[in-house]
Every structure is written in C-alpha cells, then in structure tokens.
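Peer 1: So that we are looking at the same thing, I have put the structure below in structure tokens.
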Ligand SMILES: NC(=O)c1ccc[n+]([C@@H]2O[C@H](COP(=O)([O-])OP(=O)(O)OC[C@H]3O[C@@H](n4cnc5c(N)ncnc54)[C@H](OP(=O)(O)O)[C@@H]3O)[C@@H](O)[C@H]2O)c1
C-alpha cells in the first residue's frame, strides 16, 4: 500500500497527523520539498507516488504576510495548484487544511457553516481562500477548515505556548476580548481528519473543538488550569494593533463533520485541559 504523504511534517498539525497515522504515512519536510520551488512539486509527488496527499504545510505567519504577499500566495495558493495537478495525474485525493480566517468581520453570533459566504480580510486569509479554490481543482479533494491550532509543546509558537512563555516574565497581560472563535487542539483536529479520510469524505468540512470563546477568556482559562497567577486585562483588536486584520466572529459550525463521522468533538475547555496535562515541556 502506498503511503499517505503529509507535508509540513515538522509543523504542529503535520507532526500530530504523522504520529496518529503511524506506518500508513510518510512525512515530508521543507528541506525535502520546498513548496516555494513550484517546479519541484509535481516531480516529487510523482516520484513518491503516495495514495493521498495531506497538505499541512502553509505560510502561517499571518502578520508577516501583510508585507510578504508574494511568498504567502506562492506557498498557500500556487503550491496547492501544483499539488492538485499532480494528484490528478496520479489519480489520488488531495486533502487541504484551511482556516476560519476565510470569514469576514461578521458581527453576529451564529456559527459559520460551509455554505456561508466568505470574505477574507488579510493577505494570509486571502491566500488560504485561494488555496481552497486551488485544492478544489483536484478531482478528489477534501478541504478541512479549522481554527486557532495549538499542540506539540514549547517548541511551537501558538497562543497557548505564547501565554505560558509570557506568564514566566509578566504578572499582567493584555489580551484581545472582541474576537470570538474556537481554539482547537491539534490532537483532536488530527484525529478528526483521520476519521474523515477513513470515511472517504470529500468536499468542504469545518473541524474544530466545540463551543466558542474569546482570546481573553481563553488566556484566563489557560492560567487557571496551569495554576499561574496572572491578571489578564481585556483590550480591543484595535488597541492590540496587529498588522493583519482578523475576523471578529469565526466560530465554525461542525455539524457536517458530525454527520460524516458520528464522532463527538471535545469542548475547547476539555481539549485545553488535556493539552496542558500532556504537553511536552520542550
Ligand atoms: N495555526 C493555526 O492557528 C491555524 C488555524 C487555522 C488553520 N491553520 C492551517 O492549518 C495548517 C497547519 O498549520 P500549523 O499550525 O500546523 O502550522 P505550522 O506549525 O506553522 O506548520 C506549517 C508547516 O509548513 C511548513 N512550510 C512553510 N513553508 C514551507 C515551504 N516553503 N515548503 C515546505 N514547507 C513549508 C513549515 O515548515 P518548517 O517546519 O520548515 O517551518 C511547517 O512545518 C495550515 O494550513 C494552516 O494554514 C492553522
């Protein structure tokens, strides 16, 4: 049986997927296939001839992307186009991981479904939407939108790890309180992707932990569970002043995932507690 090829093998989600797929999968790193080198993608995939490609690699530096549009689109759109072409030649499915950032500054509080209109706000967000469109050119494709990923321990720069690192040196932190979404544990998202591919799911699927929160509440919960005495002051997105815009409400409705897999999605609080209990310290 040919292996499932997972790009972004050293990333948060890619490494977790590889751990869960075990001997069924082959990971590929940037050193082995630099997606910025578009001409190398087709030949590499044809040489490896995987049974499926799961693209967990991406340009993920959301704020940096505002000043580096070309590289961001090269990795998040054009590399996916090359992967979709290669997958069609090999007649294998492409799984593309995408983001809640495809949604806009919607002010309501109704979780967003797969059929809701998208309107990405920043360069990274726009490139991820173009990546979805590119992946949809694969004859067999699955596009999984997820949100606020964390996992893998202190070697990664996600929100949870950033909060823990900052709490080593600050007793007071200011955290944005006007963005609502569902931070999600890579372990649960990877398990969800395995369920989807084992069920031959295709099309667009939302997949996060369940429930919703703000980054402010999420930070307070991290410190409460981790037993750290940090006071978390709420600020607005405007006050924080990040380079890239973010959606103010991007909670994803995961009903389609539940219908396809009949698998319950743990709540974000349950997921966070498990992560803090089992995360590697390095
Ligand atoms: N992180 C989030 O909060 C979040 C939320 C929603 C959706 N997503 C999506 O979920 C997917 C996985 O994200 P993640 O959090 O696991 O990201 P990550 O930890 O930043 O991993 C991204 C991976 O992409 C690789 N990569 C970047 N540029 C590359 C290139 N030119 N050639 C080959 N590989 C390259 C990186 O390689 P190196 O290890 O060499 O840097 C890294 O392994 C991405 O599609 C992301 O857009 C993420």
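Peer 1: Taking only pairs six or more apart or across chains, which ones have beta-carbon atoms under 8 Å, a first residue in region 30-51 that is under 15 Å from residue 89 (Cβ atoms), and a second residue that is away from the ligand (no atom under 13 Å from the Cβ) and at pLDDT below 95?
Peer 2: As it stands, the answer is 49/2; 50/2; 51/1; 51/2, since those pairs meet every condition given.
Peer 1: A further question on this structure: Within region 81-93, can one find any residue that is out of contact with any helix residue (DSSP H, G or I) (no Cβ under 7 Å at 6 or more places or on another chain), within 15 Å of the ligand (Cβ to nearest atom) and at negative phi?
Peer 2: no
Peer 1: Do you know which of the residues in region 91-125 that are more than 27 Å from residue 242 (Cα to Cα) and crowded, with 18+ Cβ neighbours inside 10 Å is farthest from the chain's Cα centre (by Cα)?
Peer 2: In this case the residue turns out to be 92.
Peer 1: Filter region 6-19 for residues that are outside any helix (DSSP H, G or I) and either near the ligand (Cβ under 8 Å from one of its atoms) or more than 17 Å from residue 75 (Cα to Cα) (or both) and give the result. Lay out the reasoning, then the answer.
Peer 2: Our first condition is that a residue be outside any helix (DSSP H, G or I); within region 6-19, this holds for 6-11.
Within region 6-19, 7, 8, 9, 10, 11 meet the criteria.
Peer 1: Looking only at region 62-72, count every residue that is closer than 11 Å to residue 125 by Cα and within 12 Å of the ligand (Cβ to nearest atom) and tell me the total.
Peer 2: Total meeting the criteria: 3.
Peer 1: Going through region 126-155 one residue at a time, which ones are surrounded by fewer than 18 Cβ atoms within 10 Å (Cβ to Cβ) and either near the ligand (Cβ under 8 Å from one of its atoms) or not in a helix (DSSP H, G or I) (or both)?
Peer 2: 136, 137, 139, 140, 153, 154, 155
Peer 1: Only one residue in 22, 42 is in a helix (DSSP H, G or I) and within 15 Å of the ligand (Cβ to nearest atom), so which one is that?
Peer 2: Values: 22 fails: within 15 Å of the ligand (Cβ to nearest atom).
Selected residue: 42, the only one of 22, 42 that is in a helix (DSSP H, G or I) and within 15 Å of the ligand (Cβ to nearest atom).
Peer 1: Hey, another quick one. Confirm whether residue 160 is on the phi < 0 side of the Ramachandran plot, touching a strand residue (DSSP E or B) at 6+ places or on another chain (Cβ under 8 Å) and more than 12 Å from the ligand (Cβ to nearest atom). Reasoning before the result, please.
Peer 2: Numbers: on the phi < 0 side of the Ramachandran plot: yes; touching a strand residue (DSSP E or B) at 6+ places or on another chain (Cβ under 8 Å): yes; more than 12 Å from the ligand (Cβ to nearest atom): no.
Against the criterion (on the phi < 0 side of the Ramachandran plot, touching a strand residue (DSSP E or B) at 6+ places or on another chain (Cβ under 8 Å) and more than 12 Å from the ligand (Cβ to nearest atom)), residue 160 does not qualify.
Peer 1: Sticking with this one: Within region 45-63, can one find any residue that is more than 17 Å from residue 142 (Cα to Cα), crowded, with 16+ Cβ neighbours inside 10 Å and touching a strand residue (DSSP E or B) at 6+ places or on another chain (Cβ under 8 Å)?
Peer 2: Yes, some residue in region 45-63 is more than 17 Å from residue 142 (Cα to Cα), crowded, with 16+ Cβ neighbours inside 10 Å and touching a strand residue (DSSP E or B) at 6+ places or on another chain (Cβ under 8 Å).
The values are calculated or read from the model by the stated rules, or taken from the named source; none is laboratory data. All of these numbers come straight from a predicted model, not from anything done at the bench. Note that each Cβ is placed from the backbone with ideal geometry, even for glycine, and that neighbours are counted across all protein chains shown.
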